[in-house]
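To keep things clear, I will list the structure first and then write my remarks on it.
The values are calculated or read from the model by the stated rules, or taken from the named source; none is laboratory data. Nothing here was measured: the structure is a model prediction, and the numbers come from that model. Quick reminder, even Gly has a Cβ in these numbers, built from the backbone with ideal geometry, and neighbours come from all protein chains shown. For accessibility, only protein heavy atoms count, side chains too; no ligands or nucleic acids. Shrake-Rupley method; radii C 1.70, N 1.55, O 1.52, S 1.80 Å.
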Amino acid sequence: LNAVVGSSDTDFWSILGDNFYDREGNHSKEFFSKLTNQVKETPFVTVPGNHDYWVMGSPEAGVEADQCANGFMQFYGQDSEASLVASPGESTAPFNFTVDPSTTATSGCSRASPDNSRFFHQFGNVGIIGQSGAYTLEDYAAFMRESCQWLVKTKGIEVGVLVGHWDVGGLGAGDDMDVPSFYDELVAVPGCKEMAAAGNLKFFMGHTHCNVPHPHGHNDTGFMVAGQGMEGCANYGVPILDTTEGRTRVHYFDASTDEAFNAVTSCVTANGWRGCLNLAETWLDQPRTKTMVV
């Protein structure tokens with residue numbers, strides 16, 4: 001991570017939920033203590049996963065000590081929709097604290113208000129839409145309309161990227177709130193519909209511990225990027241989205257063996273990841289067409 005994100009080729013980086021299965025904060029502290037200042041100064045995008053709500057992974061296994069993403073939203077402040085309550089110059093906290101996390105009848109804690117974990121941001125020619133599957137499609141209806149309009153009306157955005165955690169329903173996510181299902185709902189919304197029709201709306205997700213392109217039948221559209229050490233597909237590596245030169249590319253640096261890890265780390269440290277694409281697998285390489293909005 002220090003090699004890839006520390007490269008001047010990288011504009012932002014992301015962890016898509018289940019951030020260290022960390023109820024007390026010790027694992028997070030250890031992880032971030034090992035990052036260079038250059039990595040910490042690079043914009044960071046994240047969304048909560050099921051283990052960021054309930055450390056054992058589901059509301060059925062929830063206990064009072066769980067955080068239900070109330071801690072997550074503050075530790076990983078994402079300039080979410082909830083921050084709109086604060087005007088420039090105000091000292092108002094950029095979070096929605098209206099939900100008391102200790103008040104619940106079933107899962108040990110109450111999930112933070114949904115506006116704390118949804119957002120849209122622009123990085124160069126990329127527009128990012130962040131969502132959490134721990135809520136309902138009804139909770140997201142207005143946000144979907146707003147974010148899709150923002151995507152097509154914001155100057156400079158050529159590629160839209162939906163990021164979330166769950167790749168399937170269950171374990172706290174509804175059947176229509178896992179990322180592939182949510183994407184399918186999103187592409188029916190004006191703005192996102194036109195982006196998707198032009199091939200310019202993609203999605204990235206975590207949850208199942210695999211790094212694989214085209215999951216769940218979403219060919220050239222979806223990418224699962226959750227193989228980072230936990231058991232699952234037994235792969236470990238770094239996926240990279242590249243939107244330069246009028247193309248949309250996804251590169252994947254496999255680092256699942258000591259030999260591969262050392263080769264990638266040493267090359268990227270010396271040359272930046274663009275200078276090491278001979279070590280990467282190309283998951284996607286598409287020329288972009290302009291999104292047409294009537």
Practice item. Scan the range 136-159 and give yes if some residue there is of a type outside the set (A, V, I, L, M), modelled with pLDDT of 95 or more, closer than 25 Å to N50 by Cα and assigned to a loop (DSSP other than H, G, I, E, B), otherwise no. Key: yes
Exercise for review: Kindly establish whether T257 is hydroxyl-bearing (S, T, Y), more than 26 Å from S147 (Cβ to Cβ) and modelled with pLDDT under 95.
Suggested key: yes
Practice item. Could you please give the count of residues in the range 226-263 that are hydrophobic (A, V, I, L, M, F, W, C) and under 24 Å from T291 (Cβ atoms)? Key: 3
Practice item. Give the range 211-241 a look and list any residue that's closer than 25 Å to R145 by Cα, touching a strand residue (DSSP E or B) at 6+ places or on another chain (Cβ under 8 Å) and in a loop (DSSP other than H, G, I, E, B), or say none. Key: H218, D220, T221
Check your understanding: Looking at (1) open to solvent by 40 Å² or more (accessible area, probe 1.4 Å); (2) within 14 Å of the chain's Cα centre (by Cα), which is the only condition G232 fails?
Key -> (2)
Review point. Failed condition for T269, given (1) in contact (Cβ under 8 Å) with a residue 40 or more places away in the chain; (2) open to solvent by 90 Å² or more (accessible area, probe 1.4 Å); (3) within 20 Å of F223 (Cβ to Cβ), with all others met?
Key: (3)
Check your understanding: Of the residues that sit in the range 183-195 and are in contact (Cβ under 8 Å) with a residue 12 or more places away in the chain and out of contact with any strand residue (DSSP E or B) (no Cβ under 7 Å at 6 or more places or on another chain), which one is most open to solvent (accessible area, probe 1.4 Å)?
Key -> K193
Revision key, fill the gap. Counting only residues that are over 16 Å from the mean Cα position of the chain (by Cα) and either more than 24 Å from P59 (Cα to Cα) or assigned to a helix (DSSP H, G or I) (or both), the range 164-185 contains a total of 2
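Each row is one residue, and each column tells you yes or no for (1) within 20 Å of H207 (Cα to Cα); (2) modelled with pLDDT under 95.
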site	(1), (2)
P48	yes, no
E64	no, yes
Q67	yes, yes
M73	yes, no
A112	yes, no
Revision key, fill the gap. Scanning the range 53-73 for residues that are among the small types (G, A, S) and open to solvent by 30 Å² or more (accessible area, probe 1.4 Å), the one farthest from P101 (Cα to Cα) turns out to be A61
**Study point:** Counted residues, the range 243-266 - those being aromatic (F, W, Y) and open to solvent by less than 70 Å² (accessible area, probe 1.4 Å)
**Key:** 2
Exercise for review: Working only within the range 196-210, note down all residues that are open to solvent by 30 Å² or more (accessible area, probe 1.4 Å) and part of a loop (DSSP other than H, G, I, E, B).
Suggested key: T208, H209
Study note, to complete from the structure: Going through the range 2-39 in order, the residues found to be open to solvent by 80 Å² or more (accessible area, probe 1.4 Å), under 23 Å from C267 (Cβ atoms) and either in contact with an Asp or Glu (Cβ under 7 Å, 6 or more places away or on another chain) or free of Cβ contacts under 8 Å to residues at least 40 places away in the same chain (or both) are K34, N37, Q38
Practice item. Only residues that are open to solvent by 30 Å² or more (accessible area, probe 1.4 Å), part of a loop (DSSP other than H, G, I, E, B) and either charged (D, E, K, R) or touching a Leu at 6+ places or on another chain (Cβ under 9 Å) (or both): list them for the range 83-128, please. Key: E90, P94, D100, R111
Check your understanding: Given the conditions (1) open to solvent by 20 Å² or more (accessible area, probe 1.4 Å); (2) closer than 15 Å to R118 by Cβ; (3) modelled with pLDDT of 95 or more; (4) among the charged types (D, E, K, R), which single one is not true for D79?
Key -> (3)
